[in-house]
Amino acid sequence: MKLTDPSVNSYAGQRRKMVEDQLVNREIKDLRILEAMNRIPRHLFVHESLQHKAYGDFPLPIGDSQTISQPYVVAAMTEALNLKESDRVLEIGTGSGYQTALLAELAGQVFTIERIRSIGLKAQKLLERLHYMNIVFKVFDGTYGWPDQAPFDAILITASAPEIPKMLVDQLGDNGRLVVPLGGLEKQTLTLVTKEEGSVASRELGYCKFVPLVGRYGWPEEKEPPANTKRI
Ligand code: SAH
């Protein structure tokens, strides 16, 4: 990332405080994650009217009923992926692109899929403006994964799934790590899935709350009730 644009350098004090209070104090230990989150201009990933809240300890709306995740959740999921500089990573749910930027800072190549076109294109524009060169974007239903580019060293699903999406586990390489919020629509368990010599294991990391993963192997798209049905 090149810091040529003056707006990139705003909020440095709040950013440092976010890293100290929300990450270091909650046992995020990976220095590369702490340094990257101290660099990435999170305020640019939200609407101008919310920029002053961008370093708060909560998610924020990004439009279309979607959210940018809480900084701690972004850090915890990334730490669980245990990324190496050479890793190829698949992200499902580009959203604001903030998590994508962090993955791009830590891994070799990031493939990211977003189902809502306007959201995906906005994130792509911003990440290109910030000069990230190692991100490939796609607008599609990410529950199919990205078969042409598989296998991946790591897969991150940033929306909640009713069960571990099988297509995605199939696209995980040997020693691969996948992180997904699993459970109902109201509450999920952040789960780490690992693959070693073809055998798959999973471990629970803690509770979380994400917007739903909507698609063929996720939650069904909400259908409008017929016009003559009363909403209670
Ligand atoms: N990491 C993002 C999280 C955004 S919220 C951030 O912090 O900004 C989750 C995103 O997943 C939403 O933008 C939503 O549209 C997207 N999403 C939901 N289901 C999807 C699917 N099947 N494929 C791709 N993206 C999906």
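A few notes on this one:
- Among 52, 43, a tally of other beta-carbon atoms within 10 Å of each Cβ gives an order, fewest to most, of 52, 43.
- Available extension along the chain between residue 48 and residue 20 is 7.6 nm, counting 0.36 nm per residue and deducting the alpha carbon span.
- Sorted by Cβ neighbour density within 10 Å, fewest at the top, the residues 146, 219: 219, 146
- Taking the chain and dividing mean pair separation by its residue count, relative contact order in percent (alpha carbons under 8 Å, at least six apart): 14 percent
- Taking 148, 21 and counting other C-beta atoms within 10 Å, the order from fewest to most: 148, 21
- Estimated [θ] at 222 nm from DSSP helical runs (n ≥ 4, -39500 (n - 2.57)) normalised by residues in the chain, nearest 500: -6500 deg cm²/dmol
- Dipole magnitude for the chain: about 600 debye, using +1 per Lys or Arg Cβ and -1 per Asp or Glu Cβ, origin at the Cα centre.
- Nearest-0.05 FRET efficiency for residue 82 and residue 139, computed from C-beta distance (R0 30 Å): 0.55
- Among beta bridges that DSSP assigns inside the stretch 59-208, antiparallel share in %, nearest 5: 50 percent
- A crude spin-label estimate for the pair residue 10 and residue 129, with each label 7 Å from Cα along the Cβ direction, gives 1.1 nm.
- Whole-percent pair-distance distribution, where bins are 5 Å wide, for the alpha carbons of the chain: 1, 7, 15, 19, 21, 17, 10, 6, 3, 2, 1, 0
- Note on residue 204/residue 30: beta-carbon distance plugged into 1/(1 + (r/R0)^6) with R0 of 22 Å gives a FRET efficiency of 0.65.
- For residue 155, distant residues with modelled amide H under 5 Å away: 90, 177, 178, 179
- Whole-Hz ³J(HN,Hα) from phi, Karplus 6.51 cos²θ - 1.76 cosθ + 1.60, for the stretch 143-159, glycine and proline x: 5, 7, x, 9, x, 4, 9, 5, x, 10, 6, 8, 10, 10, 10, 9, 9
- In terms of distances greater than 22 angstrom between alpha carbons, the cross-link table entries 53/122; 17/53; 29/195; 53/84; 166/195; 17/138 yield 29/195; 53/84; 17/138.
No value in this document is a laboratory result; all are computed from the given coordinates. Remember, predicted model here, so these are calculated numbers, not experimental data. FYI the Cβ positions are ideal-geometry reconstructions off the backbone, even for glycines, and counts take in every protein chain you see.
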